[in-house]
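Okay, so here's the structure we're looking at.
The values are calculated or read from the model by the stated rules, or taken from the named source; none is laboratory data. This structure is a prediction, so every number in the text was calculated from the model and none was measured. As a convention, Cβ positions derive from the backbone with ideal geometry for all residues, glycine included, and neighbour counts pool all protein chains shown. Quick note on the areas: whole protein, heavy atoms, side chains included, nothing else; ligands and nucleic acids left out. Shrake-Rupley method; radii C 1.70, N 1.55, O 1.52, S 1.80 Å.
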Number of protein chains: 2
Amino acid sequence: MKSHQVTIKDIAKILGISASTVSRALKDHPDISFETKKKVKELAEELKYKPNAIALSLQSNKSHIIGIIVPQIVHHFFSTVISGIEEYAGEKAYNIIITQSNENPEKEISNCRTLLSGRVDGMIVSRTKDTENFDHFRNVLGTGTPIVFFDRTCHGIKTDKVVIDDYKAAYEATEYLIKTGCRNLLHFSGPENLKITSKRMWGFADALKKNHFPFNEDLIIKADSFEEGRKMIFKLHKENKLPDGLFTVNDMTAAGAMSALNELKIKIPEEISVFGFTNGAISKITSPSLSTVEQNGHLMGYTAAEILINKIENETHEVLTKILPTKLIIRNSTRHL
Amino acid sequence: MKSHQVTIKDIAKILGISASTVSRALKDHPDISFETKKKVKELAEELKYKPNAIALSLQSNKSHIIGIIVPQIVHHFFSTVISGIEEYAGEKAYNIIITQSNENPEKEISNCRTLLSGRVDGMIVSRTKDTENFDHFRNVLGTGTPIVFFDRTCHGIKTDKVVIDDYKAAYEATEYLIKTGCRNLLHFSGPENLKITSKRMWGFADALKKNHFPFNEDLIIKADSFEEGRKMIFKLHKENKLPDGLFTVNDMTAAGAMSALNELKIKIPEEISVFGFTNGAISKITSPSLSTVEQNGHLMGYTAAEILINKIENETHEVLTKILPTKLIIRNSTRHL
DNA sequence: ATAAATATCGCAATCGTTTGCGAATTCGTT
DNA sequence: AACGAATTCGCAAACGATTGCGATATTTAT
């Protein structure tokens, strides 16, 4: 099928010179005469010669490929990050190979293997919710392949990270709810072993404490999906325990909660304010539109790629954690100041 | 940085045998004695030897990489398709390299170049809305690299396609609106040079005609995003031209329309039914939840990968167009039968 | 015992490109 | 005229793995 792609040897043969001369001519090596260069370049142009990236990789031991592992490509936040990675990588002439773990630690391990044997120059990773053993990442680092984690990082591994200040953002969101008159707050939270969700939880808790609100663990409820958000609202409603302010671990959960509240004819934000997290695509679509924390996924990906490629090309060994700024996006699911 | 990855030569040197023997031992070549095989395999295991994919590629002229070009990774439908591609590719030990054109034909051309010089074995593509010249795709095909188009295909290029029957799906959706009592229908449409949107439009038009409804071009309105959907509803409302049934070219547009209708306190579906297209993530989130056409992106990607890899490995030359089934998803933005 | 068959392994070329080093040619200088 | 310098280019090795073929060594058959 594959018809023969033009190689440097083809050009050499046609011109009756050696392959080395062609190679040097194409990259303006001073040893080559102007005339030879001209002939070579013209023919290369005519035959649409493209250097064989694979041969170059073999030579240089660099593939110019970045491997990515995310839980799900379909998830809006992750695809935003990927898009950011792709942008910076493109600028630097890197390609990206994407794999997804589907929140399955086993798959994550096999993804590492795949990318390693694909000889990627580095990896950008957001781990599974359930990843507890990090040996596969240590193996990768052991081969000299750098990793940059984003969003969901791994505790106890010495490597670069790009995150946001989940604690601070949650604190601010909670305080906004308080300032706009909410007196009875609740937080829908995610799995505890994820640092980002526990940080958001602590931000919520500390904001309450600082503002002299009573706090106990009943104010933290496990719910981190559209369905669970819905269910939990119905449950709270039945038990007559609905709050007047709700801060959720992500936008989807908020959307689920709002969907239930709408069905119950409970007015948002008059009777209950809802604050999400992530500023995903859905936050503009909900009724009413959702106040949320902007977590700039594109920038996160872009930054991760920047750090990684810099590490690849300059072989620096310093380990840094980059904290990206967040900001509150106030829409119509919360009252105004 | 990159510490030396163990190669076949390392194993050979340690064991005092030749590289060729190691190579054959690892793949159970009958020429090699049992003892030698055992020694080689044990050492390979111990040193965590992984064959160098790049060297293999150079040898076989196969990279085991599939290149993907989509307008936007972030778009839910496309990321669903990518996820499907990734799944089948993973099963067949292929990697995927993803590029996005950002709806920019220039970028699409450069993406083709990038993937070509990355020596991908084949490509899966959904083109830009504005791509009018297809020469870059013809160039790719000219190098013997097969392409499978999905969703947005290219007219006049002889290559495989995976699509849905947009016409039929639109026809059925429209007919559903009619059957549930809508008498005054409108269609929010996309750019005309995209086959999929014009097919959806014709499906809408023919359903009207078949049901003896008057049809004229005023029933087709250009609006294919959340914002435009919103604006157009407000405009129609001001002009007192709101329909009692709305079929949109995609879910986002429907969501925008519903957002405006909600603000105008117009009841869905009592006063106006809304029918979307795609069954994206947002269709469950809208208030009320959106009736829509299921366009199985995951299956589309999976199928495209199947066709492509089959073509790569078996070097078949037949060109086929696979039409995937759709079905109506009836939720709460339309009345029931 | 000798030829033939078998078992086991190494040499070298190959994939496409790069690069140090040496070779050949031309030019300039005295 | 002769010698050194400069110009221009080719040879060959290297990257890691595969594979046809040839080279031993061992065993079997006659």
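Overview of values
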{"quantity": "Tabulated pairs, the range A:40-55, first farther than 28 Å from B:Ala53 by Cα and within 13 Å of DNA strand D (Cβ to nearest atom), second among the polar types (S, T, N, Q) and assigned to a helix (DSSP H, G or I), C-beta under 9 angstrom, 6+ apart or interchain", "calculated": "A:Val40/A:Thr21"}
{"quantity": "Helices (runs of 4 or more DSSP H) wholly inside the range B:1-111 that include at least 1 residues being closer than 30 Å to B:Asp251 by Cβ", "calculated": "B:76-91"}
{"quantity": "Failed item in (1) aromatic (Phe, Trp, Tyr); (2) touching a Phe, Trp or Tyr at 6+ places or on another chain (Cβ under 9 Å); (3) open to solvent by 10 Å² or more (accessible area, probe 1.4 Å), with A:Phe134 passing the rest", "calculated": "(2)"}
{"quantity": "Which numbered condition A:Ile323 misses (of (1) open to solvent by 10 Å² or more (accessible area, probe 1.4 Å); (2) of a type outside the set (Lys, Arg); (3) within 9 Å of chain B (Cβ to nearest Cβ))", "calculated": "(3)"}
{"quantity": "Subset of the range A:152-192 (residues that are assigned to a helix (DSSP H, G or I) and either aromatic (Phe, Trp, Tyr) or open to solvent by less than 10 Å² (accessible area, probe 1.4 Å) (or both))", "calculated": "A:Asp166, A:Tyr167, A:Ala169, A:Ala170, A:Tyr171, A:Ala173, A:Thr174, A:Tyr176, A:Leu177"}
{"quantity": "Options B:Lys41, B:Lys13, B:Lys27; residue that is more than 14 Å from chain A (Cβ to nearest Cβ), at pLDDT 95 or above and open to solvent by 50 Å² or more (accessible area, probe 1.4 Å)", "calculated": "B:Lys41"}
{"quantity": "Set B:Val81, B:Val74, B:Val70: member being free of Cβ contacts under 8 Å to residues at least 12 places away in the same chain, within 14 Å of another protein chain (Cβ to nearest Cβ), under 30 Å from A:Ile68 (Cα atoms) and among the aliphatic types (A, V, I, L, M)", "calculated": "B:Val74"}
{"quantity": "B:Lys235 being at pLDDT below 95 and not assigned by TED's automatic domain parsing to the domain that holds B:Asp130", "calculated": "no"}
{"quantity": "Scan of the range B:14-23 for residues that are under 16 Å from B:Ala55 (Cα atoms) and within 7 Å of DNA strand C (Cβ to nearest atom), ordered by number", "calculated": "B:Ala19, B:Ser20"}
{"quantity": "Set B:Thr334, B:Thr253: member being more than 13 Å from every other protein chain (Cβ to nearest Cβ) and either at pLDDT 95 or above or closer than 22 Å to B:His237 by Cβ (or both)", "calculated": "B:Thr334"}
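This table checks each residue for (1) modelled with pLDDT under 95; (2) closer than 16 Å to B:Ile233 by Cα.
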residue: B:Asn262; (1), (2): yes, yes
residue: B:Val274; (1), (2): no, yes
residue: B:Phe277; (1), (2): no, no
residue: B:Ser283; (1), (2): yes, no
residue: B:Gly297; (1), (2): no, no
residue: B:Thr303; (1), (2): no, no
residue: B:Ile312; (1), (2): yes, no
residue: B:Glu315; (1), (2): yes, no
